[in-house]
Amino acid sequence: MITLTVTAKGQITLRNDTLRHLGVRPGEKITVNKLPDGRIELKAARSTGKISDAFGFLKKRNGPSLSIEDITKVAAQGWAGKR
């Protein structure tokens, strides 16, 4: 069992091993579910979006969609750490 300290602002800090267990990284969200007897349940907040929400994200603004060659170039730059 882990004991946490509540700050004057009413905040707690979760330890790295707890965050790893939840699969949460900096900037991501955690949901809190209040349970009976003063208990809480923490879970990593996962996107509830649909795959169809991603369609069109490679489309240029005010222009045509990216070509296969353009997509390949962007992916290669990402793998090379240039993007």
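Readers should treat all values here as calculations from the given coordinates under stated rules, not as data from a laboratory. None of these values were measured; they are calculated from a predicted model. Here the Cβ is made from the backbone with ideal geometry for all residues, glycine too, and neighbour counts use every protein chain on show.
Could you work out how much longer the chain between LEU4 and THR48 gets when fully extended? Use 0.36 nm per residue separation minus the Cα distance between them, nm to one decimal.
Numbers: separation 44, 0.36 × 44 = 15.84 nm, distance 3.00 nm.
So the extension gain works out to 12.8 nm.
Projected label points at GLN77 and ARG20, each 7 Å from Cα along the beta carbon direction, are separated by 3.4 nanometres. Net charge around THR31, counting only other residues with Cβ within less than 12 Å of its Cβ (Lys, Arg = +1; Asp, Glu = -1)? Surrounding charge for THR31 is +2. Residues within the reach of a label modelled at GLU41 (point 7 angstrom out along Cα to beta-carbon, backbone nitrogen below 16 Å), restricted to region 13-27, are 22.
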